[in-house]
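The values are calculated or read from the model by the stated rules, or taken from the named source; none is laboratory data. A quick note: this is a predicted structure, and the numbers were derived from the prediction, not measured. Cβ coordinates were reconstructed from backbone atoms using ideal geometry, including for glycine residues, and neighbour counts include every protein chain displayed. For the accessible areas, the whole protein counts, side chains as well, though only heavy atoms, and no ligand, DNA or RNA atoms are used. Shrake-Rupley method; radii C 1.70, N 1.55, O 1.52, S 1.80 Å.
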Amino acid sequence: MPAPPCTSCHAARAALRRPRSGQALCGACFCTAFEAEVLHTVLAGRLLPPGAVVAVGASGGKDSTVLAHVLRELAPRLGISLQLVAVDEGIGGYRDAALAAVRRQAARWELPLTVVAYEDLFGGWTMDAVARSTAGSGRSRSCCTFCGVLRRRALEEGARRVGATHIVTGHNADDMAETVLMNFLRGDAGRLARGGSLGSPGEGGALPRCRPLQFASQKEVVLYAHFRRLDYFSEECVYAPEAFRGHARDLLKRLEAARPSAVLDLVHSAERLALAASARPPRPGACSRCGALASRALCQACALLDGLNRGRPRLAIGKGRRGLDEEATPGTPGDPAQTPTPKAVPTF
Ligand code: SF4
């Protein structure tokens, strides 16, 4: 049976039925609608003001590739300029190939690209070295916990180096729904309360961050990349199978099979979530070492690096974090500032 006509242009044959609305569209009309929706997200949320210098966190994967491409299309209307910022976590057999995809994109789109490496920023620590260290302490499953914190810091540093005023990341609706589920499963009220917004306004001197694809489903991101013939890297990180996120992803897939709107419902429910005053985490202060926003004596990045440098990575995550903060009270023997010759000193 021939495909029905596109319900938008009525000229071409429909190439897909939109997962969210069921609308039958040709590839060109779908891409136009997708870009219009991202534009609406940016304008309605006042995410990127005219004149903004926007650092796009570029990983070479489908999400950041689609984000960079869409923002490049929208940049003249928004009055913004773009910089690609890629983070080299030092993951052998994975990141080199992904970075090659980012370099091809930068050349094809004529966008400036800056690469910042964990090894340079974090005193020699690469993710592979972190993985070896955490495996030795029986915490090999926590690689993504370390990487997520360090990655955020590295992207901030890269964005500052290029003079960016804003940071955007390619998180899509499925990523956001997984994060909401993970925060519920961990009982992390503080992250739940923060996680629903379209980004962070830039507390404590950090650059404002946003996620323009937050309402775009993963399926539509893939379809957009397909119809725009985008070149992206699609292999999974070698440490991803260990991540807790995989359980949330499996659960979400089952939920979505039973209730197709489950992904967006979760994203919107997080937006509307309000914590009782008694459940709100205390206002964050400044990290005693680097000055970044911190809810304890040390920010997460400094705490993780301290644990690694002491050969005790488990101190920096989970329940052990408490022990580290106690040791980190300035002026006490455990104060990291007094620890003799640490291997790594963060350069941020
Ligand atoms: Fe880092 Fe985990 Fe992502 Fe790999 S999967 S890049 S270790 S956060």
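When each of 113, 99 is tested for being farther than 30 Å from residue 46 by Cβ and open to solvent by less than 60 Å² (accessible area, probe 1.4 Å), the lone residue that passes is 99.
Suppose we filter 223, 255, 251 for residues that are open to solvent by 30 Å² or more (accessible area, probe 1.4 Å), without any contact (Cβ under 8 Å) to a residue 60 or more places away in the chain and away from the ligand (no atom under 16 Å from the Cβ); which single one remains?
Numbers: 223 fails: without any contact (Cβ under 8 Å) to a residue 60 or more places away in the chain; 251 fails: without any contact (Cβ under 8 Å) to a residue 60 or more places away in the chain.
None of the others qualify; the one that does is 255.
Within the range 174-192, the presence of at least one residue that is more than 15 Å from the ligand (Cβ to nearest atom), outside any helix (DSSP H, G or I) and of a type outside the set (Phe, Trp, Tyr) is confirmed. Considering each residue of the range 82-90 in turn, at least one proves to be on the phi > 0 side of the Ramachandran plot, buried (at least 20 other Cβ atoms within 10 Å of the Cβ) and within 12 Å of the ligand (Cβ to nearest atom). Listed by first and then second residue, the pairs linking a residue in the range 84-96 that is farther than 30 Å from residue 52 by Cβ to a residue that is in a strand (DSSP E or B) and open to solvent by 10 Å² or more (accessible area, probe 1.4 Å), with Cβ atoms under 7 Å apart and 6 or more places separating them unless they lie on different chains, are 90/117. Could you check, for the range 106-114, whether at least one of its residues is under 25 Å from residue 220 (Cβ atoms) and among the aromatic types (Phe, Trp, Tyr)? Scanning the range 106-114 turns up at least one residue that is under 25 Å from residue 220 (Cβ atoms) and among the aromatic types (Phe, Trp, Tyr).
If a residue has to be within 16 Å of the ligand (Cβ to nearest atom) and in a helix (DSSP H, G or I) to count, how many in the range 17-73 make the cut? Walk me through it before giving the result.
Start the filter on the range 17-73 by keeping residues that are within 16 Å of the ligand (Cβ to nearest atom), which leaves 57-65.
So of that shortlist, the ones also in a helix (DSSP H, G or I) come out as 62-65.
Result for the range 17-73: 4.
Of the conditions (1) within 16 Å of the ligand (Cβ to nearest atom); (2) at pLDDT below 90, residue 232 fails just one. Which one is it? Among (1) within 16 Å of the ligand (Cβ to nearest atom); (2) at pLDDT below 90, residue 232 violates only (2). Residue 170 falls short on exactly one of the conditions (1) more than 16 Å from the ligand (Cβ to nearest atom); (2) closer than 28 Å to residue 49 by Cβ, and that condition is (1).
Of the candidates 85, 149, 66, the single residue that is among the β-branched types (Val, Ile, Thr) and at pLDDT below 95 is 149.
Whenever a residue of the range 289-309 is closer than 15 Å to residue 146 by Cα, its partners that are polar (S, T, N, Q), lying with C-beta atoms within less than 6 angstrom and at least six residues away or across chains, give the pairs 308/133.
For the range 124-143, check the following and say yes or no: at least one residue is within 15 Å of the ligand (Cβ to nearest atom), at pLDDT 90 or above and in contact with a strand residue (DSSP E or B) (Cβ under 9 Å, 6 or more places away or on another chain). There is at least one residue in the range 124-143 that is within 15 Å of the ligand (Cβ to nearest atom), at pLDDT 90 or above and in contact with a strand residue (DSSP E or B) (Cβ under 9 Å, 6 or more places away or on another chain).
Residue 186 falls short of the stated requirement of being of a type in the set (Lys, Arg) and under 29 Å from residue 225 (Cβ atoms). Comparison of 218, 214 shows that the only residue that is modelled with pLDDT of 90 or more, farther than 24 Å from residue 146 by Cβ and within 16 Å of the ligand (Cβ to nearest atom) is 218. Taking the numbered list (1) crowded, with 18+ Cβ neighbours inside 10 Å; (2) of a type outside the set (A, V, I, L, M); (3) more than 16 Å from the ligand (Cβ to nearest atom) in turn, residue 147 passes all entries but (3).
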